[in-house]
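Worksheet for the structure shown next.
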Amino acid sequence: MNATLHQFFPIPGQGSMSSFCVKAQRTLNACGIPFGVQNQQGGRVLQTLNPGVGKLPVLEVDGRHIADSTAIADWALANGDGAKLVPDDPLLADEARWLEDWSDESLYWFGVYLRWKAGFPAFRDAALVTIPAILHGPVGWVLRRPMMAQLHGQGIGRLPLAQVLSLLEGHYDRLARRIDAHDGFLVGGQLTMADIAVFAMLQAQHAEICPLSRERVQARPTLVDWARRVDAATAGEHTAAWA
């Protein structure tokens with residue numbers, strides 16, 4: 001088997017600037033599937049890899065392209081020989097996949113808000129580190145416009161920062177209570193896809209370029225200890241350590 005993960009390039013504190021690419025990395029690691037990485041910066045290559053969608057990650061396996069982090073996870077669970085990331089109990093299995101979907105479709109947008117709206121200059125400079133600093137302003141402006149439109153369309157972009165942070169703190173508290181109630185993980189006392197998906201979002205929100213969410217994560221030792229456990233269980237050649 002020859003597997004290559006096409007992903008957005010790394011930034012400080014993350015194995016990829018995309019949390020979905022981080023999710024794919026760590027799922028492959030947990031399932032014991034060796035893979036290489038091809039870093040992409042965008043442009044036409046994304047349409048070649050993922051026609052009609054143009055998003056990453058895309059896992060290329062022996063010439064076949066598997067797009068979307070959840071589809072990659074499904075493939076890894078079916079083909080890997082590593083950790084079992086779906087509980088045997090059907091209800092717990094449903095719960096784990098539901099939390100994975102919540103993380104992808106809800107928790108994700110808090111990170112987008114904090115990067116692209118509340119803390120854009122720091123994120124812009126980290127994301128554009130490969131181009132001259134003099135271009136960061138104009139290139140960042142071009143990149144930011146569609147992201148701001150997406151935030152507005154999703155709804156969270158219309159909220160004031162204080163309300164977004166209050167909502168995020170509520171999510172962090174609920175996650176911490178789940179971890180305490182489930183023996184150190186989110187579902188059933190074991191590492192599941194829920195842990196990996198949420199970890200991928202929290203690692204972005206815990207990055208130094210997102211100080212508002214970072215300080216709120218660090219104020220919750222249960223979350224920090226959980227993140228270190230997930231990090232240790234899913235780390236690999238291409239991941240960045242929780243820091």
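Closer than 24 Å to residue 23 by Cα, modelled with pLDDT of 95 or more and of a type in the set (D, E, K, R): is that true of residue 115 in this structure?
Criteria met by residue 115.
Quick check: is even one residue across region 77-98 of a type outside the set (Val, Ile, Thr), open to solvent by less than 20 Å² (accessible area, probe 1.4 Å), within 19 Å of the chain's Cα centre (by Cα) and under 28 Å from residue 127 (Cβ atoms)?
No, the conditions are met nowhere in region 77-98.
Name the pairs: first residue in region 58-86 and within 21 Å of residue 103 (Cβ to Cβ), second residue open to solvent by 60 Å² or more (accessible area, probe 1.4 Å), Cβ to Cβ under 6 Å, at least 6 apart or on different chains?
Filtered contacts from region 58-86: 58/65.
Which of the residues spanning region 27-48 are of a type in the set (A, V, I, L, M), modelled with pLDDT of 95 or more and assigned to a helix (DSSP H, G or I)?
28, 30
What tally of residues in region 191-226 results from selecting those that are closer than 20 Å to residue 85 by Cα and surrounded by 20 or more Cβ atoms within 10 Å (Cβ to Cβ)?
So the answer is 15.
So which of 50, 39 ends up being open to solvent by 30 Å² or more (accessible area, probe 1.4 Å), under 23 Å from residue 108 (Cβ atoms) and without any contact (Cβ under 8 Å) to a residue 40 or more places away in the chain?
Of 50, 39, the one residue that is open to solvent by 30 Å² or more (accessible area, probe 1.4 Å), under 23 Å from residue 108 (Cβ atoms) and without any contact (Cβ under 8 Å) to a residue 40 or more places away in the chain is 39.
Filter region 159-176 down to the residues that are in contact (Cβ under 8 Å) with a residue 24 or more places away in the chain and either under 15 Å from residue 221 (Cα atoms) or open to solvent by 60 Å² or more (accessible area, probe 1.4 Å) (or both) and list them by number.
161, 167, 169, 171, 172, 173, 175, 176
The values are calculated or read from the model by the stated rules, or taken from the named source; none is laboratory data. Quick caveat, the model's predicted, so the values are computed rather than measured. Here the Cβ is made from the backbone with ideal geometry for all residues, glycine too, and neighbour counts use every protein chain on show. Accessible surface is based on the protein model in full, side chains and every heavy atom, while ligands, DNA and RNA are left aside. Shrake-Rupley method; radii C 1.70, N 1.55, O 1.52, S 1.80 Å.
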